[in-house]
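Comments concern the structure below.
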Amino acid sequence: MVFKTKLYVSIIFFISVVSIGVIGYMILSETNFIDSLYMTIITMTTVGFGEIHPLNEHEKIFTIFLILISIVVYAYSVTALSEYLVNGNLLQLLKLRKVQQKIKKLKNHTIVCGYGRNGKQAVIKLKSFNMPCVVVEKDKELLEELENDNILYIEGDATVDESLQKAAIQNANSLITALPSDADNLFVVLSARQFNKNMTIISRASNESSINKLKIAGANNIIMPDKIGGMHMASLVVTPDLVEFVDRLTMLEEGSTNLEEILVNDLPSEFLNKTIRDLDLRRRTGCSVIGFKTATNDYIVNPESETILTADSNLIVLGRPSQIKKLREIL
C-alpha cells in the first residue's frame, strides 16, 4: 500500500509541475496554452529543442526553477517505481488482472466459496472431472496454496456481492458454499440466488436448524459433513463390504471413475425418444445403465431396457474406468 501511495504522489507531482510550468509561461511570456505547454515539456524533458522566442531574465529564472523541480520529481518517481517493481506489486497486479480475464470468459463453471477442508475436497473432485471452477477465499495462506496449485481464485469475502460478481456468477452453472458459519452460508445462498436464478446451489450446514432456512433462501441441496461422516463410520461397522464397494465405484484414482451421468439431451438426436435398448451401451462400450432420472426428477433404479429416452432425462451408467473412457469418446 505504501508503494502504491508513492506512485500516486509521483503522478500528482508530475501534473502539478506541468500545471505550474504552463501557467508560469503563459503569465511571463504572454503566450497561448499550446506554446506554454510546449515550453514546459521541452524544459522538463531537457530534449534540447529551441525556445519559441528568446527568453528574458524572468523567463530564464523560471526555466531554471522548472528544471530543478523536474529533476526532483523525476528522481522521486524513478525511486517509487523501482520500489514497486522490486516488491513485485506490479507483477502481482498484472497476474491478478490476467486471472480475472480468464474468469470472465468462463461459462457453466462452479464457484466454491471457502477453501477449508470441505471446499478443498470439492475442488479436488471437480478437477478430477475436468470441470472448471473458481474459489472465493480471503485467507492469505490458502490463497498462496491456490496459486501454487494453479486454481483460479478470487481474493475476497464470499458474503460480499462484489466477490461473487468477480467470480462471474451470472455465467456459473453451480455454486458450493462451504464456509464454517451457517449464517455466512445463508447469506451467500441468498445473494447467489439473486444473481443467478437457474444455478444449482449446494450449501454446507453445521446445525439441523439451518437446513430449512437454507432451502428457503434458495439452496438446492444442503450437506452436513459431520452427520454424513458419522453415518459413514457406522455403515462401515454394519455393512463394511458394501460401503467399501460403493466407495470404489465413485473414484478409484484421480481422473478415473466407475460411474458416469449422461444427459439425454447430449446424445445424438437419433436416440431421442428411443429406448435404452436402442442405445446399446453394453455392446458398444461394456457399460451398463443402472439408473434413470426422469424429466420430473424421479429416479428409477435398474431401469427396464424399454425405458424411453425422453428430453431432459438422465442416465446413470456403471463401468470400469476404461469402459467409462470409451463411453466418453463415443458420446
In degrees between 0 and 90, to the nearest 10, how far off the longest principal axis of the chain does helix 33-45 point, with axes built from Cα atoms? 80
Please list 3J(HN,Hα) in residue order for segment 103-119, calculated via the Karplus relation 6.51 cos²θ - 1.76 cosθ + 1.60 where θ = phi - 60°; whole Hz, with x for glycine and proline. 5, 4, 7, 5, 9, 6, 8, 10, 9, 10, 9, x, 10, x, 4, 6, x
In nm, give the distance between the simple-model label positions of D278 and A183, each being 7 Å from the Cα along the Cα-to-Cβ direction. 5.6
Cα convex hull of segment 2-87 - mean projected area over all directions, nm²: 5.7
Please find the FRET efficiency linking I216 to V238, where r is the Cβ-Cβ separation and R0 is fixed at 51 Å, and quote it to the nearest 0.05. 0.90
What residues have an amide H closer than 5 Å to that of V134, excluding those fewer than 5 places away on the same chain, when H is modeled at 1.01 Å from N in the peptide plane? T110, I111, V112
What the Cα atoms of segment 189-331 span along the principal axes, largest first and in whole Å, is 48, 41, 28
Write down the Å³ per residue value for the convex hull defined by the alpha carbon atoms of segment 271-331. 77
At R0 = 45 Å, how high is the FRET efficiency between Q100 and H58 if r is their beta carbon distance? Nearest 0.05 is fine. 0.30
I'd like to know how segment 112-216 sits against the 2.2 N^0.38 Å rule of thumb: what's its Cα Rg over that expected value? 1.00
Quick check: the angle from helix 225-238's long axis to the longest principal axis of the chain, C-alpha only, nearest 10 degrees? 30
Please compute P(r) over all alpha-carbon pairs of the chain, binned at 20 Å starting from zero, and give each bin as a whole-number percent. 22, 38, 20, 15, 6, 0
Which net charge results when you count Lys and Arg as +1 and Asp and Glu as -1 among the other residues whose beta-carbon is under 10 Å from that of D139? -3
Rotationally averaged projected area of segment 90-157 (alpha carbon convex hull; nm²): 4.6
Residues with amide H under 5 Å of T200's amide H, sequence separation 5 or more or different chain, H placed in the peptide plane at 1.01 Å from N; which? S174, L175
For I67 and E208 in one chain, what is 0.36 nm times their gap in residues minus the Cα-Cα distance, to one decimal in nm? 43.5 nm
For I290, other-chain or 5+-apart residues with amide H closer than 5 Å (H placed, Pro excluded) are I316, V317, L318
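FYI, it's all coordinate maths here, none of it is from the lab. Remember, predicted model here, so these are calculated numbers, not experimental data. A quick note on method: Cβ atoms are made from the backbone with ideal geometry, for glycine too, and the neighbour counts reach across all protein chains shown.
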